[in-house]
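The values are calculated or read from the model by the stated rules, or taken from the named source; none is laboratory data. Keep in mind that this is a model prediction, so the values were computed, not measured. Please note: Cβ atoms are built from the backbone with ideal geometry, for glycine as well, and neighbour counts cover all protein chains shown. We work out accessible area using only protein heavy atoms, side chains counted, and drop any ligands, DNA or RNA first. Shrake-Rupley method; radii C 1.70, N 1.55, O 1.52, S 1.80 Å.
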Amino acid sequence: MTTSEFDSYRPEESGRAFGRRRDRRRRGGRRGRGGGADGSREMTMVEDPQFSSYYGRQVVKAPPWGHEIGAYLFLGGLAGGSALLAAGAQLTGRTRLRRSARLTAATALAGGTVALIADLGRPERFLYMLRTVKVTSPMSLGTWILSGFGAGAGVAAAAEADRVTGGRLPLGPLRRLLHAAEGPAGLGAAVLGAPLASYTGVLLSNTAIPTWYASRHHLPYVFVGSAGLASGGAAMITSPVREAGPGRVLACLGVVVDVVAMERMKASMHPMELEPLEEGAPGTMVKWAERLAIAGGVGTVLGGRWRPTAVLSGLALVTASALTRFGVLDAGLDSAKDPKHTIEPQKARLAARRAAGITGDSITTVG
Amino acid sequence: MSRTAAWEDPSAELHWEDQAQPRKGFFTDTSICIGCKACEVACKEWNRNPTDGSFELLESSYDNTGALGANTWRHVAFVEQDRDRITAARESGRQLVSLGMPGVGPPESAPSAGGAAEPPDLLAALEGGEQMDLTPPDTDEFRWLMSSDVCKHCTHAGCLDVCPTGALFRTEFGTVVVQADVCNGCGTCVAGCPFGVIERRDDGTVHPKAEREGAQRVEQDIPHQGTANKCTLCYDRMVVGETPACAKTCPTTSIKYGDHEDMVETAEARVRELHDRGMTEARLYGANPDDGVGGIGSVFLLLDEPEVYGLPPDPRVATKDLPQMYAAAGLAAAGMLAGVAAAFLGSRR
Ligand code: SF4
Ligand code: SF4
Ligand code: SF4
């Protein structure tokens, strides 16, 4: 590199965009060839060698996942929780709750599936997901769970829709079959509903994305909590208060699980893995998710038996769940973009292992 | 004891049966890379990969390629360093030795570098056996690190593990390849790779920008659009016994190609030789089968910490922790079931 001891006497160049320079602050000592020789700032940069990186460029790559995936995470959880509520309602004879929860489950599932397909690079090849069953791929297992769930939830919702329309769906002889199948189908969907809500945590964690990988022991709990409060909230919006009791309880349980698991997850992370969850837009989303979840939970406890407050609380809960999913998704994507989130935790864990006397598993060796 | 014995054969369980071949790999010796980028060009040409970006200067020394990606399967990194950084690198390499890094075999057993053309020997031969000063022509004031990065063809490949379609597969040579006609572009592999190698091809063109002013982009411009792309270790050349394009074109033999076992041995011999010459900054990257990815197929010799070259210092394939993750997800799902049951039992009408 071309710094010299006289660099600091050079006049500061004013036209230089500050942000760009800051981006490349951790470059391990270099200077742009195209001028912009700001010696003094270069010097401070060298004095602070927390870690070096290759021109501040990312080490791992963020997957090309847009907000469709955030929507899928949210809708999948909502669908799974709603199918569970529907099954409970089915078994306890709550017909209004059963109807609204089944319709919610099927609608959310359809939306989630469309979002998932839309995010593919080659959407027309969506069915290739079912070419194989691969245990090492949460995406593969998840697609199978989604497909099985979809079949069950679809049949159950179709039967509900048929009843709502007063038997006017053009089903012909299939109607009897449909109504015979709706009970087992609803229960089948419920069995797959919980895994549908929790596997997405593994989908994110089983990656090299620092913030997601670091959340691996806690994210499934956060996600089932979030699914519980979303489906409970949706039930409070769509069902009469008389029947929505289980939805209210599930929502409150979900709030507790979501908030506690999120706190524990954050506490278990390296500061550099945690940062994207607390700062920037994802940080704001996660923060508001918690506030809305708590507000919705309190609203449910205090006003859940009065329809207007129940609907308001339900809306707060559903929004909280969506914010959690988008926040976690975006925090991970952000964590891939700055190499510090990858390099610092890795260096720390390598140093910790070395300090503990474990030296045999380093990727750098000498001979 | 030679550590090469402990390497796991990545394609062992894959029923290649009688088609199975010895594992192939690279040894990229960055200490003799001259940064000519011939490998980048050869790779682009052989694989007909589209261009990346718009010919911007990236202000990162002579690296205007940027990084590995869907359209760039070899990437030559350039790092400029001053005396302080050289000293630090030398020291960190020395520390690796004093940590008792594994696998120091007896120096005598080192093969006379199979395939590795040793410049000193060559020179000595040219000069008629006359002994020469073998000190590398380095000054202590600055140095230029150049390194040709490539897909690591990991023993435990994160990209391959998470691929839901089976588009990514392990070849009979132990390498990792995407089948472009199967991949549906879900992008999971991009997140799964600990080295940031594989990427979905969402853009790019085979014509330079200057030539398509105002022209409509036609479909054929971008082969395999929307699918994941990365180095195939030139699978198409390998099956007919050819050397990969990048290795074949490398004028300094910085990129060596061959049986993985030989590559690791060559690398180990080389790093010992450099240490003997006092270049304690030299170290191997990915030559340890016990590391977080089970060792890599394309071993590197680096002259500084991996992160200086943009490589992760302690990569770990996430699938190693997958059983615990599934256990957590299972518990969470069971808890959710219990929660719903409690919700119904606990609320009367
Ligand atoms: S380096 Fe990345 S893309 Fe290459 S084999 Fe390993 S995990 Fe796959
Ligand atoms: S993008 Fe293609 S290669 Fe990558 S995981 Fe998805 S299907 Fe497999
Ligand atoms: S082996 Fe082939 S595909 Fe891989 S970097 Fe070299 S030339 Fe490119």
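Taking the Cβ of B:His275 as the centre, find all other residues whose Cβ is under 12 Å away and add up their charges (Lys, Arg: +1; Asp, Glu: -1).
Numbers: positive: B:Arg90, B:Arg94, B:Arg270, B:Arg272, B:Arg277, B:Arg283; negative: B:Glu268, B:Glu273, B:Asp276, B:Glu281.
It works out to a net charge of +2.
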Amide N of the range A:329-367 lying under 11 Å from the label point, which is placed 7 angstrom from the Cα of B:Asp290 along Cα→Cβ: A:358-362
Cleavage-rule hits, chymotrypsin sites (Phe, Trp or Tyr not before Pro), the range B:19-58, DSSP coil, Cβ neighbours within 10 Å at most 16: B:Phe55
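Calculate the translational D of the range A:227-268 in whole µm² s⁻¹ from Stokes-Einstein, where the hydrodynamic radius comes from the Kirkwood formula applied to all Cα pairs, the temperature is 4 °C and the viscosity 1.567 mPa s.
In µm²/s, the coefficient rounds to 123.
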Exposed-site-free run, longest, chain A (rule: chymotrypsin sites (Phe, Trp or Tyr not before Pro); DSSP loop; at most 15 other C-beta within 10 Å): A:7-305
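With all protein chains present and a 1.4 Å probe, how do B:Met146, A:Met236 order by accessible area, largest first?
Details: B:Met146 25, A:Met236 5 Å².
Descending accessible area places them as B:Met146, A:Met236.
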Where A meets B: accessible area buried, both sides, 1.4 Å probe, Å²: 8100
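Tally up the carbon and sulfur contribution to the accessible surface of the range A:67-337 as a whole percent, 1.4 Å probe, everything protein left in place.
Working: 6760 of 9800 Å².
C and S atoms contribute 69 percent here.
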Long-range HN-HN contacts of B:Tyr257 with modeled amide H, under 5 Å: B:Phe27
Cα centroid of the range B:20-83 to Cα centroid of the range A:284-355, whole Å: 39
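Any idea what the dipole of the range A:272-344 comes to, in debye rounded to 20, about its Cα centre with Lys/Arg Cβ at +1 and Asp/Glu Cβ at -1?
Details: 7 positive and 9 negative charges, 132 e Å.
It works out to roughly 640 debye.
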Farthest positive-ward along the range A:233-367 dipole, Cα basis, beta-carbon charges - from A:Val256, A:Val286, A:Pro240: A:Pro240
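Taking the Cα centre as origin and putting +1 on Lys and Arg beta-carbons and -1 on Asp and Glu beta-carbons, what dipole magnitude results for the range A:75-212, to the nearest 20 debye?
So the dipole magnitude of the range A:75-212 works out to roughly 320 debye.
So how many Å³ per residue does the convex hull of the Cα atoms of chain A work out to? Spell out each step's value before the answer.
Numbers: hull volume 74.1 nm³, N = 367.
So the per-residue hull volume is 202 Å³.
At a 1.4 Å probe radius, which order do B:Asp276, A:Asp334 fall into by accessible area, largest first?
Numbers: B:Asp276 135, A:Asp334 65 Å².
Reading off the accessible areas and sorting them downward yields B:Asp276, A:Asp334.
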Listed residues A:Tyr72, A:Ala320, A:Ile145: farthest to the positive end of the dipole of the range A:67-337 (Cβ charges): A:Ile145
Other-chain or far-sequence residues with amide H under 5 Å of B:Ala228's (modelled H): B:Gly185, B:Arg201
Point-to-point label distance, B:Arg48-B:Thr252, nm (Cα→Cβ direction, 7 Å offset): 3.3
Inter-chain shielding of B:57-63 (mean C-beta neighbours from other protein chains, 10 Å cut-off): 5
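Quick check on the range A:81-129: what does the Kirkwood estimate of hydrodynamic radius come out to from the alpha carbon pairs, in Å? Before the final figure, lay out each step's value.
Working: mean 1/r = 0.0830 Å⁻¹.
After inverting the pairwise mean of 1/r, the radius is 12.1 Å.
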For the range A:132-155, residues shielded by at least 50 square angstrom of accessible area compared with the chain on its own, probe 1.4 Å: A:Lys134, A:Thr136
Lys, Arg +1 and Asp, Glu -1 on Cβ, resulting dipole of the range A:67-337 about Cα centre, debye, nearest 20: 1040
